[in-house]
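Working notes, beginning with the structure itself.
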Amino acid sequence: MKSYQVDNNGYYGEFGGAYIPEILYKTVEDLKKAYLPIIESDSFQKEYRALLKNYAGRPSSLYFANRLSEKYGCKIYLKREDLNHTGAHKINNALGQILIAKAMGKKRIIAETGAGQHGVATATVCALMNMPCRIYMGATDVKRQHMNVERMKMLGAEVFPVESGNMTLKDATNEAIRDWCCHPADTFYIIGSTVGPHPYPDMVARLQSVISEEIKYQLKEQEGRENPDYLIACVGGGSNAAGTIYHYIDDVDVKIVLAEAGGKGVDSGLTAATIQCGTLGIIHGSRTLVMQTEDGQIVEPYSISAGLDYPGIGPMHANLAKQHRATVYAVNDDEAVRGAYELTKLEGIIPALESAHALGVLPKLNFKPTDVVVLTVSGRGDKDLETYLNYKKELK
Ligand SMILES: *Cc1c(COP(=O)(O)O)cnc(C)c1O
């Protein structure tokens, strides 16, 4: 049987691997040997499950969206990751990785962040576990995401503004890797999505897989069957999507629909639609699709949503698209914002701008009345209120 999971060498088809500097070889090799036995151990499972339940607030609810369903002529359930502590799915991964770091005897945590959401999740779990934490963030993003910077600082993290390049996520990532190279023995690098060198994409997917584990029994309870007809999620690096599809990936009767950020349009030059516009390259230690020029310079991505403007894509998702296991749509800024207003009006839920891209897919699909759809709302929209208000003027 064809499998869409990672192989023994860290590849999903032709994508993945670990393209890292020599000096990190041992550190990454240690992690590769350690992560599965740790994740599968009783002590990890006990502590992780307890934290997911009592700290993060899981299980997140699976909510039947009545009025939204009526509008699209099918049965739509929302997987409410927006209800988690810190407001998104990222806490699932951060909690898991800090427990792995502790189990490996690491003393210090580093992370990079773009919009600041992963930085906040990491700073949160470092406060919880009393671990020193340094967050790398592009200086441009530090200015743009002032509130998240203050949150991280209040949580006790040191935020390091990166002044090189465009001073955004890619530059923060380079700096985090540099730090890791200098302190490979005592430092654990918490990566926030299904990206980076093997074993990170698989490790993050496993830590997020609690999402589909819950969908299975929640849908069984409410709908009498475990498998929906459609799973829909947005993709930046791919972690909330990976969690949503993890336990369904080999059930080919379950259609997988992914929404990447089209920005102003895939042909506009202002886009983050990596699967449509990217070419094979290496980014962040992984071989995957990359938004790049012909001579391999990273092209700065654009999206209205700060959490989706990553110039790469997780190797798992690049492969799912290539094998036609997933259907990928580019959802433009205006389509996403419309989706967010629609959900707010119909269901009283203000979604994150990232999640709004998943909602923006609904008008593109032709549903049958009997279709059961599960759409993951990856985060809440409080952080995006200003953008929503400003953009509403443009939509009119
Ligand atoms: C970070 C983020 C995303 C994008 O990251 P993935 O790894 O693709 O899930 C999506 N939604 C929210 C709310 C986020 O914070």
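FYI, it's all coordinate maths here, none of it is from the lab. Predicted model only: the values in this text are computed from it and were never measured. Note: ideal-geometry Cβ built from the backbone for every residue, glycine included; neighbour counts use all protein chains shown.
A compact table of results
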{"item": "Within the chain, helix-based [θ] at 222 nm, where runs of 4 or more DSSP H residues each add -39,500 (n - 2.57), nearest 500", "result": "-12500 deg cm²/dmol"}
{"item": "Overall form of the range 89-144 per C-alpha gyration tensor (a/c, 1.5; a/b vs b/c)", "result": "prolate"}
{"item": "Residue pairs, from the table 26/106; 53/153; 32/153; 79/220; 53/90; 75/364, whose Cα atoms sit over 20 Å apart", "result": "53/153; 32/153"}
{"item": "Assigned charges on the beta-carbon of Lys, Arg, Asp, Glu; the range 196-267 dipole about Cα centre (debye)", "result": "180"}
{"item": "Magnitude of the charge dipole, the chain, Cβ model with Lys/Arg +1 and Asp/Glu -1, debye to 20", "result": "780"}
{"item": "Those GluC sites (Glu not before Pro) in the range 1-86 that DSSP places in a loop and that have at most 11 other beta carbons within 10 Å", "result": "none"}
{"item": "Distance between modelled label sites at residue 143 and residue 178, nm, 7 Å Cα→Cβ extension", "result": "2.0"}
{"item": "Ranked 380, 178, criterion: other C-beta atoms within 10 Å, fewest first", "result": "178, 380"}
{"item": "Isotropically averaged projected area of the range 117-205, using the convex hull of Cα atoms (one quarter of hull area), nm²", "result": "5.8"}
{"item": "Under-5 Å amide H pairs with residue 292, H placed in peptide plane, nonlocal only", "result": "279, 299"}
{"item": "Positive-end residue of 9, 361, 127, charge dipole of the chain with Cβ unit charges", "result": "127"}
{"item": "Measure of compaction for the range 295-338 (Cα Rg per 2.2 N^0.38 Å)", "result": "1.36"}
{"item": "Neighbour-count ranking [beta-carbon atoms within 10 angstrom, fewest first] of 167, 154, 129, 316", "result": "154, 129, 167, 316"}
{"item": "Estimated FRET transfer efficiency when R0 is 22 angstrom, pair residue 264-residue 390 (beta carbons, to 0.05)", "result": "0.90"}
{"item": "Two-site label geometry, residue 346 and residue 153: point separation in nm, points 7 Å out along Cα→Cβ", "result": "4.2"}
{"item": "Neighbour-count order for 3, 355, fewest beta carbons within 10 angstrom listed first", "result": "3, 355"}
{"item": "Linear extension gain, residue 45 paired with residue 66, 0.36 nm per residue minus alpha-carbon span", "result": "4.0 nm"}
{"item": "Fraction of beta bridges assigned by DSSP in the chain that are antiparallel (%, nearest 5)", "result": "30"}
{"item": "For the range 208-275: rounded, prolate or oblate by the Cα gyration tensor [a/c cutoff 1.5]", "result": "prolate"}
{"item": "Chain lengthening between residue 366 and residue 252 when straightened (0.36 nm per residue, less Cα-Cα)", "result": "39.2 nm"}
{"item": "The range 240-374 - Debye-derived log10 I(q)/I(0), Cα point model, q = 0.09, 0.10, 0.14, 0.20 Å⁻¹", "result": "-0.27, -0.34, -0.66, -1.24"}
{"item": "Extension gain (nm, one decimal) between residue 19 and residue 55, 0.36 nm per residue minus Cα-Cα", "result": "9.4 nm"}
{"item": "Cα gyration tensor shape for the range 158-247, rounded if a/c is under 1.5, else prolate or oblate", "result": "prolate"}
{"item": "Other-chain or far-sequence residues with amide H under 5 Å of residue 198's (modelled H)", "result": "17, 18, 19"}
{"item": "Hz values of 3J(HN,Hα) by residue in the range 297-308 - Karplus curve (6.51, -1.76, 1.60), Gly and Pro given as x", "result": "7, 5, 8, 4, x, 10, 7, 4, 9, 5, x, 10"}
{"item": "Stokes-Einstein D in µm²/s, Kirkwood radius over Cα pairs - the chain at 25 °C with 0.890 mPa s viscosity", "result": "118"}
{"item": "Residues whose placed amide H lies under 5 Å from that of residue 106, excluding near-sequence neighbours", "result": "none"}
{"item": "³J(HN,Hα) computed for each position of the range 139-147 - Karplus, 6.51 cos²θ - 1.76 cosθ + 1.60, integer Hz, glycine/proline x", "result": "4, 4, 5, 4, 5, 5, 10, 3, 4"}
{"item": "For peptides 229-240, 140-151, 292-303, sequence by mean Cβ density within 10 Å, most packed first", "result": "229-240, 140-151, 292-303"}
{"item": "Estimated vicinal HN-Hα couplings, Hz - the range 189-206 in sequence order (Karplus 6.51, -1.76, 1.60; Gly, Pro = x)", "result": "9, 8, 8, x, 8, 7, 10, x, x, 3, x, 4, x, 6, 4, 5, 4, 5"}
